[in-house]
1. Arg124 - would you say it is of a type in the set (Lys, Arg) and surrounded by fewer than 19 Cβ atoms within 10 Å (Cβ to Cβ)?
2. Enumerate the pairs (first residue in segment 40-53 and touching a residue at least 40 places away in the same chain (Cβ under 8 Å); second residue anywhere and open to solvent by less than 50 Å² (accessible area, probe 1.4 Å) and among the charged types (D, E, K, R)) with beta-carbon separation below 9 Å, excluding pairs fewer than 6 apart on the same chain, so at least 6 apart or on different chains.
3. Within segment 21-57, count every residue that is among the β-branched types (Val, Ile, Thr) and open to solvent by 40 Å² or more (accessible area, probe 1.4 Å).
4. Only one of these is closer than 27 Å to Gly75 by Cα and part of a loop (DSSP other than H, G, I, E, B): Glu109, Glu101. Name it.
5. Picking from Arg88, Arg5, Arg69, which residue would you name as being assigned to a helix (DSSP H, G or I), open to solvent by 40 Å² or more (accessible area, probe 1.4 Å) and of a type in the set (D, E, K, R)?
6. Report whether or not Val146 is crowded, with 17+ Cβ neighbours inside 10 Å and among the β-branched types (Val, Ile, Thr).
7. Out of all the residues in segment 76-85, is one or more among the hydrophobic types (A, V, I, L, M, F, W, C) and outside any helix (DSSP H, G or I)?
8. Could you go through segment 109-118 and let me know if any residue there is within 24 Å of Ala166 (Cβ to Cβ), among the aromatic types (Phe, Trp, Tyr) and over 14 Å from the mean Cα position of the chain (by Cα).
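The values are calculated or read from the model by the stated rules, or taken from the named source; none is laboratory data. Note that the structure is a prediction, hence the values are computed from the model and not measured. Don't worry about glycine lacking a Cβ; one is built from the backbone with ideal geometry, like all the others, and counts go over all protein chains shown. The protein model used for the area step is the full one, side chains on, heavy atoms only, and it has no ligands, DNA or RNA in it. Shrake-Rupley method; radii C 1.70, N 1.55, O 1.52, S 1.80 Å.
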Amino acid sequence: VQNPRTPVHVAQRLVASLYWRDLAGTALNPYVAPTVRLRAEGLLAEQLGDLRLGERVALARLATPALLRLLLADGDARVLAGALFNPRLQEPQLLAALRAERVPRALLEAVAASPRWRARYAARLELVLQPRTPLPVALSLLTGLVEADLRRVLRAPALPALLRAAAQRALEPRNSRR
């Protein structure tokens, strides 16, 4: 299947018989026909629920962006840590996962603990604006926000009152400097 000289119709038939790691390798192989890569990715997405924890962790580290979208919804912290470590995970994809209504709490905690993603202002802002973010995490990120974003926190009724009060308090010294 992974040989670029294999006819596409033959590779399409054979791809269904591959194990999950071979499917992941096929989905990542730039020399394989795009239709075969997409088929491997689709088969892997279907098998995701049947994979054991260790297999999901290993897959998260090497998954394609389409599979990462599914893996970011996993509730296990080890799978999420692997996904956050994956070099193919891009900021817009992570921000979309953080904005989701049913974002796993483990993802919020993993992003807050990840040096790679905690350094990104947009990720910190999404963590603060997400109502499901644990309050200590949101409070710790609040002081690093710019004034306009602190005002967004004040206007967000879904956020805890304590977080909005802390944003108001963080704005006071900035307003007195004017």
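1. no
2. Listed pairs, sorted by first residue: none to list.
3. Just the residues of segment 21-57 that are among the β-branched types (Val, Ile, Thr), to begin with: 26, 32, 35-36, 57.
Going one step further and asking which of them are open to solvent by 40 Å² or more (accessible area, probe 1.4 Å), we end up with 35.
Counting residues in segment 21-57 that are among the β-branched types (Val, Ile, Thr) and open to solvent by 40 Å² or more (accessible area, probe 1.4 Å) gives 1.
4. On the way: Glu109 fails: part of a loop (DSSP other than H, G, I, E, B).
Testing whether each residue is closer than 27 Å to Gly75 by Cα and part of a loop (DSSP other than H, G, I, E, B) leaves just Glu101.
5. Arg69
6. Details: crowded, with 17+ Cβ neighbours inside 10 Å: no; among the β-branched types (Val, Ile, Thr): yes.
No.
7. no
8. The answer is no; no qualifying residue exists.
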